[in-house]
Amino acid sequence: MGKLKIVQNDPWLQPYENAIEGRYEYALYKEHVITQGTQTLSDFASGYLYFGLHKVSEGWVIREWAPNATEVFLIGDFNNWRPKEEYRLKSLPNGIWEGVFTEDAIKHEQLYKLFVCWNGGCGERIPAWVRRVVQDEYTKIFSAQVWNPVKKYKFEIEHFVPSVDPLLIYECHIGMATEEEKVGSYTEFRMNVLPRIKKAGYNCIQIMAIQEHPYYGSFGYHVSSFFSASSRFGTPEELKELIDAAHKMGIAVIMDIVHSHAVKNEVEGLARFDGTGYQYFHDGPRREHPAWDSLCFNYGKNEVLHFLLSNCKFWMEEYKFDGFRFDGVTSMLYLSHGLGESFSGYADYYNMNQDGDAICYLTLANKLIHEINPNAISIAEEVSGMPGLANRFEDGGIGFDYRMAMGIPDLWIKYIKEYTDENWKPGHLFWELTNRRFSEKTISYAESHDQALVGDKTIIFRLIDADMYWHMQKGDTTYIVDRGIALHKMIRLFTASTINGGYLNFMGNEFGHPEWIDFPRQGNGWSYKYARRQWSLVDNPNYLYQGLALFDKNMLDVISSKKKFQESTIYKYWDNSGDQVVSYGRGDDLLFVFNFHPYNSFTDYGMLVEKGEYEVILNTDAKEFGGFGLSDDSIHHFTMPTNVKGEEKEWIKLYLPSRTAMVLRRIKK
């Protein structure tokens, strides 16, 4: 075979060419094995059409894979939860169990489980391929639920094409999207939150915690039922209606999918489904994740590939999700799960620490996703920086469309915590925000849900802290509040304006939602006080939150106004660390200027830029955004020639108040 493109483009990868070619060839080999050379990946990944409970013309059929089982019964409220002969499943080849029942044997909304026996024991199990699981309000016991409504939801938009020019993601959680101290619903989100997201200018929502999980406080990351949309938020029809409504608004919907591990629960999850600990997971020391208190899938087993690939296709076909953000990818890539690794050089990526089977699964998952929908979106949450993760498979990559720029929020936290204002270096920030592999698109973000969890702090809370409780009203601010409001806008503008792929914001952080996220748990008296979003704050014109939200919208409008903004060339025009001023352009028409100095304002500050006439289209200091309005932004700025022979750029002179940033558009050359 010829040299793969990612190796051609990066000479530093040449010493590891064999390893990269090896993973490429292994993915091709595995694909041939599982499809037998006669199917497509999509054909192979259709297990959800065969397994699980289905209504058929002759009644009902249920199938599950349980190779170690000796007997399997269907039990439920239709037979007093007892294993009875008429509800026995029969054994088929390859460890498959099947039960065929009459139409009146079970009914819509009835509860059921499987009673699985193996040599040495028996136990109740929720089917692995189940599509709906509910929790009893009083006993807190989870059960599968028969779901066959008379009125099934019919999508009005069958084939949605996401806008990725650029991709602007609103990360959200259905349950905590309500202001009331409770678990919010799909319907409430559709009616109350979707319009806010549309108005704010985002074109994609990334929904967390969709796959069913026993513990609400896990944020959806300890999944038990991979094919079940969490019933704590509503019905499957209500989720489908939400996704359809988003598509009608032009908003893509991607899912935070968890294939990196699974919950340890045995009755609710897959832990010992057929009595063995290794049916879906590794056996021995690799079975349990050392940091997450969860179980690790064995991606080397074809049955596990079938289960997980089918899961990807299911959510895209059944619910019309436009793609996925894969959680915990770093943990999957390495046998060490990336724990304690420095990843300081290429040799740290290509060694015996790689999990070849997990890499193969991720590669096949990306091939499948784009085979089903060429316009699909796939994003890797990955911190090690493994090269090729977001390159096409054909070029030698793993096939993600984007990778999360996970170092950026860490950078902002480091600056806020460890640097005095006088020591902020805008040039260093620019380097870090634009330092990435040129061939791989990233999702940049200042903060996500990770930075909002209890034990951590959001950017606004780090900046303002206790003053948020007393001085967020207009006209009643303190120096701390004024500083926090100014930097909050500048941090977001710097992050969003330097993207090479997309931008992400967590629900409510665009307007500086106060405090942290803390789900109901024993330690807080099972309170929902911090597991909600206080929309009334941003709706109140007397508070500064509204100005932050308005700035965020205008910032996104600027980014969206330039065609292929994310692909436009970034050129640094000016960097003066003493003044704490930096400026850069996107293409030849947008100019971004930042003055991070805490107290020095500059009059007629000159810098060399593309010659022409400029207008101010965004200023962080505008009064409507909670600033002081120190500049007259109606004034157009004209460049002046230099005295340097051959210099095509010209001087522009601007008034730069301290702690402000502005965006100018060149309207005439």
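The values are calculated or read from the model by the stated rules, or taken from the named source; none is laboratory data. Quick caveat, the model's predicted, so the values are computed rather than measured. Cβ: placed from backbone, ideal geometry, glycine included. Neighbour counts: every protein chain shown. Surface accessibility is based on the protein's heavy atoms, side chains included, excluding ligands, DNA and RNA. Shrake-Rupley method; radii C 1.70, N 1.55, O 1.52, S 1.80 Å.
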(request) Report the Cys residues of the chain lacking a disulfide-compatible partner, meaning no second Cys Cβ under 4.7 Å from their Cβ. (result) 172, 204, 296, 312, 360
(message) Can you compute the helix-only [θ] at 222 nm over the chain? Use -39500 (n - 2.57) per DSSP H run of at least 4 residues, normalise by all residues, nearest 500 deg cm²/dmol.
(response) -7000 deg cm²/dmol
(message) Going by Cα centres, the stretch 200-267 and the stretch 451-491 are how many Å apart?
(response) 31
(message) Rounded to the nearest percent, how much of the accessible area of the stretch 437-515 (1.4 Å probe, protein heavy atoms only) is carbon and sulfur?
(response) 55
(request) Can you send over the carbon and sulfur percentage of the accessible area for the stretch 82-177, probe radius 1.4 Å, protein chains only? (result) 51
(request) Lys and Arg at +1, Asp and Glu at -1: add these up for the other residues within a Cβ distance under 14 Å of residue 119 and post the number. (result) -1
(message) If you count only protein heavy atoms and use a 1.4 Å probe, how large is the accessible surface of residue 306, to the nearest 10 Å²?
(response) 40
(message) Please list, in order, the residues from the stretch 597-634 whose amide nitrogen is less than 11 Å from a point placed 7 Å along the Cα→Cβ vector of residue 642.
(response) 607-610
(request) Tell me which residues come under 5 Å, amide H to amide H, from residue 607 once H is placed; ignore anything under 5 positions away on its chain. (result) 652
(request) Hand me the trypsin sites (Lys or Arg not before Pro) from the stretch 529-569 located in a DSSP loop with no more than 12 other Cβ atoms within 10 Å, in residue order please. (result) 529, 563, 564
(message) Only sites in a loop by DSSP and with at most 14 other Cβ atoms within 10 Å count here; which trypsin sites (Lys or Arg not before Pro) in the stretch 1-76 make the cut?
(response) 3
(request) Evaluate the distance, in nm, between pseudo-label points positioned 7 Å from the Cα of residue 36 and of residue 14 along their respective Cα→Cβ axes. (result) 4.5
(message) So if the hydrodynamic radius of the stretch 468-507 is defined as the Kirkwood radius over C-alpha pairs, what does Stokes-Einstein give as its diffusion coefficient at 10 °C and 1.306 mPa s, in µm² per second?
(response) 134
(request) Let me have the relative contact order for the chain, percent, based on Cα pairs under 8 Å that are six or more residues apart. (result) 11
(message) Using amide H atoms built in the peptide plane, which far-off residues or other-chain residues are under 5 Å from residue 171 H to H?
(response) 206, 505, 506, 507
(message) With volume of the Cα convex hull per residue in Å³ as the read-out, I listed [x] 171; [y] 247; [z] 188; which label goes with the value calculated from this structure?
(response) [x]
(request) Compute the Kirkwood hydrodynamic radius of the stretch 447-542, taking the inverse of the mean of 1/r over all pairs of distinct Cα atoms, and give it in Å to one decimal. (result) 14.5
(request) Might you tell me the accessible area per residue for the chain, computed with a 1.4 Å probe and given in Å²? (result) 40
(request) Enumerate by residue number the trypsin sites (Lys or Arg not before Pro) in the stretch 134-202 meeting two conditions: DSSP loop (anything except H, G, I, E, B), and at most 10 other Cβ atoms within 10 Å of the site's Cβ. (result) 140, 151, 152, 154
(message) Suppose each label sits 7 Å from its Cα in the direction of the beta carbon; what would the residue 107-residue 560 distance come out to in nanometres?
(response) 4.8
(request) Choose one of 9, 358, 568: the residue whose Cα lies farthest towards the positive end of the charge dipole of the chain (beta-carbon charges +1 Lys, Arg; -1 Asp, Glu; about the Cα centre). (result) 568
(request) Starting at the first residue of the stretch 411-428, write each ³J(HN,Hα) from the Karplus equation 6.51 cos²θ - 1.76 cosθ + 1.60 with θ = phi - 60°, in whole Hz, x for Gly and Pro. (result) 4, 5, 4, 4, 5, 5, 7, 10, 10, 6, 4, 5, 9, 5, 10, x, x, 5
(request) Report, to the nearest whole %, how much of the accessible area of the stretch 547-669 belongs to carbon and sulfur atoms, 1.4 Å probe, protein only. (result) 47
